Amino acid sequence: FNLMVLLFQNEEYEEVISSYERIAPSVPEEYQPTFNFIVGKSFFSSGHYQSARDPLQRYIDSTYVPSDQLKNALLIQMTCAHQIHDEELFNRSFEKLDSLFPNDEEIPKALFMHAMILKEQGAISRADEKLKLIKDQYPGFEDQESFTFEYGLLAHQNERWKESYDAFKAYVNTFSESSRMDAAWKLFLSSSLNLYKHSNEE
């Protein structure tokens, strides 16, 4: 077990993955939470998101005292949930993060990630609500380029033309070097035309 801890600390994640099943029966009960965290994070760091889920969840379920390690595990689990498109797992992890670490700077990032999961699943209206929540409660969200684009896109898909127009107007004026600039201009034009059409109808 101590050797596995050293391997983990030296980021030898594949070595941890190849040895953990052999070590598991001899891990003392008091070290089980740490063991599960090490195994889960090793799978995650190696890109095995599905395999990371269960050991991470065992660690999370066994831990109730807020700590940097628990917060790290919850954020990793939410990333795994995002990668494997498991909204229920994401929601459980987010609720615990929000409960144990209220007002943490990671909360708006988690909300944004959740919005992207919902968008990928086709739940456009629910994704839109998450982004509205970020806009209203976390105006200082750090990744403004991604947020502005996605907010404008979801507003466009939900036919909120004025908000889509405003978002893409801000985007093309602020993020001129973005790789998404062509798409932003097309959506800006579409929002403009739809806004003009809707105004005439009114």
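The values are calculated or read from the model by the stated rules, or taken from the named source; none is laboratory data. Just so it is clear, the structure is predicted and the values come from calculations on it, not from any experiment. Please note: Cβ atoms are built from the backbone with ideal geometry, for glycine as well, and neighbour counts cover all protein chains shown. These area figures cover heavy atoms from the full protein model, side chains too; ligands, DNA and RNA do not enter into them. Shrake-Rupley method; radii C 1.70, N 1.55, O 1.52, S 1.80 Å.
Here are some notes:
- Compared with the dominant principal axis of the Cα atoms in the chain, helix 144-157 is inclined by about 60°.
- Assuming charge only on the beta carbon of Lys and Arg (+1) and of Asp and Glu (-1), the dipole of segment 52-202 about its Cα centre is about 180 debye to the nearest 20.
- Segment 145-202 and segment 43-88: distance between their alpha carbon centers, rounded to Å: 35
- Integer Hz, Karplus 6.51/-1.76/1.60 couplings in order for segment 179-186, x for Gly and Pro: 6, 9, 5, 4, 5, 5, 5, 5
- Per-pair calculated FRET efficiency, R0 = 25 Å: Glu129 and Asn173 via Cβ, rounded to 0.05: 0.40
- Here the peptides 193-199, 86-92 are ranked by packing, the mean other Cβ count within 10 Å, and the order with the highest first is 86-92, 193-199.
- Local electrostatic count, Leu6, Cβ distance below 13 Å [Lys/Arg +1, Asp/Glu -1]: -3
- Most to least packed among 155-165, 99-109 [average Cβ atoms within 10 Å]: 155-165, 99-109
- For segment 14-68: Kirkwood Rh in Å [reciprocal of mean 1/r, alpha carbons]: 11.5
- Lysine pairs in segment 103-202 whose alpha-carbon atoms fall under 25 angstrom of each other, counting only those eight or more residues apart or on distinct chains, come to 26.
- Of all accessible heavy-atom area on the chain, the percent that carbon and sulfur account for (1.4 Å): 48
- Stretching His85 away from Glu106 to a fully extended chain increases their span by 5.6 nm, per 0.36 nm per residue minus the current alpha-carbon distance.
- Largest-first principal axis extents, alpha carbons of segment 116-174, Å: 30, 23, 17
- Spherically averaged projected area of the convex hull of Cα atoms, segment 151-200: 3.0 nm².
- Rolling a 1.4 Å probe over the heavy atoms of the protein chains gives segment 1-83 an accessible area of 54 Å² per residue.
- Note, ³J(HN,Hα) from phi for segment 60-75, Karplus 6.51, -1.76, 1.60, rounded to Hz, x at Gly and Pro: 4, 5, 8, 10, 10, 8, x, 7, 4, 5, 5, 4, 4, 5, 5, 5
- Treating each Cα of segment 2-97 as an identical point scatterer and summing with the Debye formula, the log10 of I(q)/I(0) at q = 0.13, 0.15 Å⁻¹ comes to -0.40, -0.54.
- Cα-Cα P(r), segment 53-167, percent of pairs per 5 Å interval: 2, 12, 22, 21, 18, 11, 8, 3, 2, 0
- Using alpha carbons only: equivalent-ellipsoid semi-axes of the chain, gyration tensor based, whole Å: 42, 16, 14
- Taking a Cβ cut-off of under 13 Å around Ser46, the surrounding Lys, Arg, Asp and Glu residues balance to a net charge of -3, with basic ones at +1 and acidic ones at -1.
- Protection proxy ranking of 119-126, 175-182, by the mean of other Cβ atoms within 10 Å over each peptide's residues and highest first, is 119-126, 175-182.
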